[in-house]
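One structure is given below, encoded as structure tokens.
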Amino acid sequence: MIYYNGVFTQDKNIISYTDCGFTTGIGIFDSMLVKEGIPVHIKEHYERIIHDSKTVIGLTPFFNLEKFSEICDTLIAKNNYSERHFRIRTTVTGGEVRSPLQMAHTPTILIEVKPAQNPEKIAPAQCVIVTDFPRIAGCALENCKRLDYSRSYAARRKATSLGGSEAILTNTNGDIACAATSNIFIEEKNGVLITPPLSDGVLAGITRRKLIEEREVREESISVKRLTDAKHIYLTNSFVGLRDVTLL
């Protein structure tokens, strides 16, 4: 059962071929962990959906936090999975348009729930630093969770070809930005965590934000040498928590 533009349905063949999310990638998405039936950090995820929709599409979904919570609860109930961990993915596009890059007027909103792996059972990442597909430093779009993941896909594909399981991407300044689907933190000898600032072209991750709020974290640019010299390297997102990294 999915939520699509105001209704709950089991029809999976409902996206129009003229939807600009499909034709030109004009859209955003959000993935939220559900643990023991409870969405984790739902307010922060909702706020990101609203922010990213406005920044990328120029529109915001037609629901408030209370309505979003109600939709999520209904989907969890209607999809009677036995797993303890779920993933709620919200996709918002600019909707149907008549020509490429026409201004969007009515967004398409799709929300679905699927089983997710227990974050505690996810293995450490075997990472390769990939410089071929840099993220753009200073670009506000890079902070948003956009539908276009071609850069991350290409970087992970290269990392996999070199024996890794994940790619760490640099930015247009040559510094470390983030992994294909995760933010990155390093720990140096003093034990303080360091993560690149948003201005370095990184995704504004929810777990990244929480760590900055709750722990001693400095936002500083990280050179490739600084990364390789770090005492510890971690990846973070809503589904891995703080994941150890081994550099290949």
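Any read-out appearing in this document is the output of simple, stated calculations on the displayed coordinates, not a laboratory observation. In this text, all values refer to a predicted model and were calculated from it rather than measured experimentally. Here Cβ is always computed from backbone atoms with ideal geometry, including for glycine, and neighbour counts include all displayed protein chains.
When you look at Asp30, is it surrounded by fewer than 13 Cβ atoms within 10 Å (Cβ to Cβ), among the charged types (D, E, K, R) and not in a helix (DSSP H, G or I), yes or no? Let's see the steps before the verdict.
Numbers: surrounded by fewer than 13 Cβ atoms within 10 Å (Cβ to Cβ): no; among the charged types (D, E, K, R): yes; not in a helix (DSSP H, G or I): yes.
The answer is no for Asp30.
Can you tell me how many residues in the range 76-104 are touching an Asp or Glu at 6+ places or on another chain (Cβ under 7 Å) and within 16 Å of Asp30 (Cβ to Cβ)?
So in the range 76-104, the residues touching an Asp or Glu at 6+ places or on another chain (Cβ under 7 Å) come out as 84, 89-90, 93, 95-96.
With within 16 Å of Asp30 (Cβ to Cβ) added as a condition, the list becomes 89-90, 93.
Qualifying residue count for the region: 3.
Taking into account only those residues within the range 192-211 that are surrounded by fewer than 17 Cβ atoms within 10 Å (Cβ to Cβ) and without any contact (Cβ under 8 Å) to a residue 40 or more places away in the chain, which is farthest from Val34 (Cα to Cα)?
Val192
Mind checking which pairs have a first residue in the range 63-74 that is over 17 Å from Glu36 (Cα atoms) and a second that is assigned to a helix (DSSP H, G or I), Cβ under 6 Å, 6 or more apart or different chains?
Sorted first by the residue in the range 63-74, then by its partner, the pairs are Leu65/Tyr46; Phe68/Tyr46.
Determine whether the range 218-236 contains at least one residue that is crowded, with 22+ Cβ neighbours inside 10 Å and either closer than 30 Å to Pro107 by Cα or without any contact (Cβ under 8 Å) to a residue 24 or more places away in the chain (or both).
Checked the range 218-236: at least one residue is crowded, with 22+ Cβ neighbours inside 10 Å and either closer than 30 Å to Pro107 by Cα or without any contact (Cβ under 8 Å) to a residue 24 or more places away in the chain (or both).
Only one of these is in contact with a Phe, Trp or Tyr (Cβ under 8 Å, 6 or more places away or on another chain), surrounded by 13 or more Cβ atoms within 10 Å (Cβ to Cβ) and of a type in the set (Val, Ile, Thr): Ile71, Ile50. Name it.
Ile71
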